Amino acid sequence: MRSPTEFECAPDGGAGEVTIYEAYLEAGFRGVIPSLIDEVSCFSGFCPFQLTPLTWKTLMVIQVLGELHGFSIGMHEILYSYYFAPLANKDRFYHLRSRDGAPLVEEPLRCVRGNYPFGDGWNSRYVFVKIQEPVGYPTSWRTLDVSRPVSIAREAVAKLIMGIPRRFHWVTFLVSREALRHSRVWGNVARSPASIVFEEY
């Protein structure tokens, strides 16, 4: 791990290096890229570190939601409910937008103070980290055409996920220590029923 020099910016990492933002750690990143973020990056062709911290958090909790309820959530479920859009004020960053106003997980309202903890300067706080190559996702930053059609391939699974009781969709629950320790996001495989995990929460 190294800090950037005064002349480097986030996309400038050296060979075999990726950019890790402090905000990713705040979003729950623990050194291993969650499998859903890996799949999304491989499918879409962008480096996982071009995703905003809120997108990281959203994808991570969607993975946890699926794991707690026994659903295999992949790119097609994501594309049924969301699309990727370039971030307006930060070049080469992408974020998730809900297609129909019914996202798979319920994010706290952004207008409520403290619910968007990353702030505007999140992209200025980062380090470069060496990775073991090869990895499945792109490591270099790129500008992409993200206009992808809606995927109806797994519409049924996405609708089943939406049928899970609302309390299990809350991001605050899905990023809790209780939920994450029952997920592969933190490298664990021990599972308890979602209702038991929610009671612990």
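The residue pairs whose first member lies in segment 116-127 and is part of a helix (DSSP H, G or I), whose second member is modelled with pLDDT under 80, and whose beta carbons are closer than 8 Å, counting only pairs six or more residues apart or on different chains, are Asn123/Ala10; Asn123/Lys90. The set of residues in segment 25-52 being out of contact with any strand residue (DSSP E or B) (no Cβ under 9 Å at 6 or more places or on another chain), surrounded by fewer than 23 Cβ atoms within 10 Å (Cβ to Cβ) and in a helix (DSSP H, G or I) consists of Leu25, Glu26, Ser35, Asp38, Glu39, Cys42, Phe43. With respect to the conditions (1) of a type outside the set (Ser, Thr, Tyr); (2) buried (at least 18 other Cβ atoms within 10 Å of the Cβ); (3) modelled with pLDDT under 80; (4) closer than 14 Å to Pro48 by Cα, Phe118 falls short on a single one, namely (4). Taking every residue in segment 53-65 that is assigned to a helix (DSSP H, G or I) and among the basic types (Lys, Arg) and pairing it with any residue that is surrounded by fewer than 24 Cβ atoms within 10 Å (Cβ to Cβ) and modelled with pLDDT under 90, at least 6 positions away or on another chain, the pairs with Cβ-Cβ distances below 6 Å are Lys57/Ala27.
The values are calculated or read from the model by the stated rules, or taken from the named source; none is laboratory data. Since the model is a prediction, treat every value here as computed from it, not as a measurement. Positions of Cβ are generated from backbone atoms using ideal geometry, with glycine treated the same way; all protein chains shown enter the neighbour counts.
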